[in-house]
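Please read the structure below before turning to the comments.
The values are calculated or read from the model by the stated rules, or taken from the named source; none is laboratory data. All values reported here derive from a predicted model rather than from experimental measurement. As a convention, Cβ positions derive from the backbone with ideal geometry for all residues, glycine included, and neighbour counts pool all protein chains shown.
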Amino acid sequence: MSDYKAPLREIQYVMWELLGYEQHYQSLPGGDEASSDVVNAVLEEGAKFCENVLAPINAVGDQEGCKWNDGEVKTATGFKEAYQQYVEAGWPSMCHHVEHGGQGLPQSLGTVLSEMVGSANWSWGMYPGLSHGAMNTIEAHGTDEQKEHYLTKLVEGSWTGTMCLTEAHCGTDLGMLRTKAEPNADGSYNITGTKIFISAGEHDMAENIVHIVLARLPDAPAGTKGISLFIVPKFNVNADGSLGERNNLKCGSLEHKMGIHGNATCVMNFDGAKGFLIGPPNKGLNCMFTFMNTARLGTALQGLAHAEVGFQKSLEYARDRLQMRSLSGAKNPEGPADPIIVHPDVRRMLLTQKALAEGARMLIYFTAQQVDVVDRSEDEEARKAADELLGFLTPIAKAFITETGYEAANLGLQCFGGHGYIAEWGMEQNVRDCRIAMLYEGTTGIQALDLLGRKVLMTNGESLKRFTKIVHKFCQANEANEAQAELIAPLANINKEWGELTMHIGLMAMENPDEVGAASVDFLMYSGYAALAYFWALAAVDAQAKLDAGTSEKAFYEAKIATARFYFQRILPRTRSLVESMKSGAGNLMALDAEHFAF
């Protein structure tokens, strides 16, 4: 079975042709460095690394897992060596600011590289992936001294980072956390408590690990208003930046998991470990959102990665696997049977994977553009608008793309029939690795509440309007486009309905607050399907223009139009049942008393 192949043509299409990344980069301070020639060269080298170094050890990580011994963790064969190559090539520093040792390229380029890394080997990619969130948090909220001591080493890649939030008794409800931070005379703090589910919390791949930890000060108020944020390194750092003695923290055990076996998911015990406050006291959760938003967008990439891998492998299998004859006549008359790709139901599965993967890429890359604007633009109004759009799109990207990514991964396995259930093909690993994406960094339900409750209803729909205005202008500009009328009219209708649904739910919630929770997941999924409809319509219009102008890649652009049509006719109708479900209200969910669930 073939290994992962980076879909460079698809990536470059979305960047350069569909979303205008060249003009986007030119509009950013320092963006001149990100020319199409430079970026394409970076992508080609990244593809080689992912295909030749990371993909071959993906199954190794799954089979070997990580080994724990008295608080130390040894990663799977080849993982440490791959990380050394990653650091030597300068990949960790690519998208960080020059003043901290970075190369200064836009963050969106890092998103594209992360897609390839995650598709090739998600478990390995989590080790450097968590570091980016730690870097962003320290850069946004750390002191100059903290940046000098920790950020430069993280950017260099010789150290990695983690985020330590969850405790056994509190997952999403961080207001219940118990980890303590006792002040020391030298301005440091002793951090005591246990954190669970800490990805990359302990390993042998880097010299030091910088933990970003939530804890409570002695006089902290109860709940989320009493949480502070701390840097807690594995090894203490001397005044000259060199490594000191081992800090009082240890990996107590490794979690036994359904998937991502190659990544060390740790129980971390902090026993009076020395830590340093980041940001203001009792404002840790606000600061942590810098990390959490980075991680949520990174998790959206996981949905795309597993959809892409499942599609690649099942497509090749469907072309080669001979089973039965086509009902419309033999397509392989010289062979004993036809390849399964000729059968309509296999086409259904392949096209669903293709539409969801490519649509997810469009949405994520569009979102990454907003990250660039927030990070680099000198236009305050542009930054504000991009930040609000990013806030709206982040929960959709995280939850919708991981839900549909898991669907696509399952369809990939299904294309293989019984062989998909056998480990040697890699399809069952792809499904197992994908399943966590809907859970960590906030479950689908939590993202849905954030979207509908905080981002939409609490802004009276203003955050939604930031995106629907973009769609509305596109539909207006193409209302006379006869070639794509079958897409433009339905898109305009669903865009209008989106706002009407928001108003309907808001009115229901004024009578019963439970209506928000009852409608939230359906609203989020509706929002995801609506957003992808816009991007598929955008792609179809763009592809038609290329065909009309004459192109040597006729099949490529015709495939875009055909896939867009499939999406609108076969996948977008799912919104009809979501509308009915949302409008049915909370009553059918809350009718049973808790004891009536017993069996």
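Does residue 195 satisfy the condition of being assigned to a strand (DSSP E or B) and among the basic types (Lys, Arg)? So residue 195 fits the description; yes.
Whether a residue is in contact (Cβ under 8 Å) with a residue 60 or more places away in the chain, under 30 Å from residue 313 (Cβ atoms) and aliphatic (A, V, I, L, M) was assessed, and residue 436 passes this test. Being more than 18 Å from residue 475 (Cα to Cα), outside any helix (DSSP H, G or I), among the hydroxyl-bearing types (Ser, Thr, Tyr) and at pLDDT 95 or above holds for only one residue in 551, 563, and it is 551.
Entry remark, the stretch 104-113: residues being within 21 Å of residue 144 (Cβ to Cβ) and modelled with pLDDT of 95 or more number 0 in total. Looking across the stretch 318-346, the residues that are more than 30 Å from residue 122 (Cβ to Cβ) and in a helix (DSSP H, G or I) come down to 342, 344. Among the residues of the stretch 114-169, just one is buried (at least 24 other Cβ atoms within 10 Å of the Cβ), farther than 22 Å from residue 203 by Cα and among the aliphatic types (A, V, I, L, M), namely 116.
Of all positions in the stretch 22-45, none carries a residue that is in contact (Cβ under 8 Å) with a residue 24 or more places away in the chain and either in contact with a strand residue (DSSP E or B) (Cβ under 6 Å, 6 or more places away or on another chain) or under 30 Å from residue 256 (Cβ atoms) (or both). Could you tell me whether any residue of the stretch 464-480 is polar (S, T, N, Q), exposed (fewer than 15 other Cβ atoms within 10 Å of the Cβ) and within 18 Å of residue 579 (Cα to Cα)? The answer is no; no qualifying residue exists. Screening residue 507 on (1) surrounded by 13 or more Cβ atoms within 10 Å (Cβ to Cβ); (2) at pLDDT 95 or above shows it passes everything except condition (1).
The selection criterion, being of a type outside the set (Ser, Thr, Tyr) and touching a Phe, Trp or Tyr at 6+ places or on another chain (Cβ under 9 Å), does not hold for residue 315. If I ask for residues that are within 15 Å of residue 375 (Cα to Cα) and either among the hydrophobic types (A, V, I, L, M, F, W, C) or in contact (Cβ under 8 Å) with a residue 60 or more places away in the chain (or both), which ones from the stretch 88-102 would you list? Matches in the stretch 88-102: 94, 95, 98.
Rundown of residues vs (1) over 30 Å from the mean Cα position of the chain (by Cα); (2) over 25 Å from residue 467 (Cα atoms); (3) basic (Lys, Arg), yes/no style:
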{"site": "493", "(1), (2), (3)": "no, no, no"}
{"site": "498", "(1), (2), (3)": "no, no, no"}
{"site": "514", "(1), (2), (3)": "no, yes, no"}
{"site": "536", "(1), (2), (3)": "no, no, no"}
{"site": "549", "(1), (2), (3)": "yes, yes, no"}
{"site": "570", "(1), (2), (3)": "no, no, yes"}
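Here the condition is being at pLDDT 95 or above, buried (at least 17 other Cβ atoms within 10 Å of the Cβ) and out of contact with any Leu (no Cβ under 9 Å at 6 or more places or on another chain); of 396, 436, 401, 422, it holds for 436 alone.
Is it the case that the stretch 249-261 has a residue that's of a type outside the set (Gly, Ala, Ser), surrounded by 15 or more Cβ atoms within 10 Å (Cβ to Cβ), under 24 Å from residue 139 (Cβ atoms) and over 28 Å from the mean Cα position of the chain (by Cα)? Taking every residue of the stretch 249-261 in turn, at least one turns out to be of a type outside the set (Gly, Ala, Ser), surrounded by 15 or more Cβ atoms within 10 Å (Cβ to Cβ), under 24 Å from residue 139 (Cβ atoms) and over 28 Å from the mean Cα position of the chain (by Cα). Taken over the stretch 484-502, the criterion of being touching a helix residue (DSSP H, G or I) at 6+ places or on another chain (Cβ under 9 Å) and surrounded by fewer than 16 Cβ atoms within 10 Å (Cβ to Cβ) is satisfied by 486, 489, 496, 497, 499.
Residue-by-condition table, conditions (1) in a strand (DSSP E or B); (2) of a type outside the set (Lys, Arg):
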position: 241; (1), (2): no, yes
position: 250; (1), (2): yes, no
position: 257; (1), (2): no, no
position: 263; (1), (2): no, yes
position: 286; (1), (2): no, yes
position: 306; (1), (2): no, yes
position: 313; (1), (2): no, no
position: 316; (1), (2): no, yes
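Within the stretch 349-356, is there a residue that is among the aliphatic types (A, V, I, L, M), modelled with pLDDT of 95 or more and more than 28 Å from residue 401 (Cα to Cα)? Taking every residue of the stretch 349-356 in turn, none turns out to be among the aliphatic types (A, V, I, L, M), modelled with pLDDT of 95 or more and more than 28 Å from residue 401 (Cα to Cα). Taking residue 192, is it more than 21 Å from residue 137 (Cα to Cα), surrounded by fewer than 22 Cβ atoms within 10 Å (Cβ to Cβ) and hydroxyl-bearing (Ser, Thr, Tyr)? In short, yes. Note on the stretch 18-130: enclosed helices (runs of 4 or more DSSP H) holding 3 or more residues that are of a type in the set (Asp, Glu) are 36-49. Selection over the stretch 2-26 of residues that are modelled with pLDDT under 95 and either under 20 Å from the mean Cα position of the chain (by Cα) or surrounded by 14 or more Cβ atoms within 10 Å (Cβ to Cβ) (or both) gives a count of 1.
Remark: pairs (first residue in the stretch 462-473, over 14 Å from residue 501 (Cα atoms) and touching a residue at least 40 places away in the same chain (Cβ under 8 Å); second residue crowded, with 18+ Cβ neighbours inside 10 Å and basic (Lys, Arg); Cβ separation under 7 Å; 6+ apart in sequence or on different chains) = 463/455.
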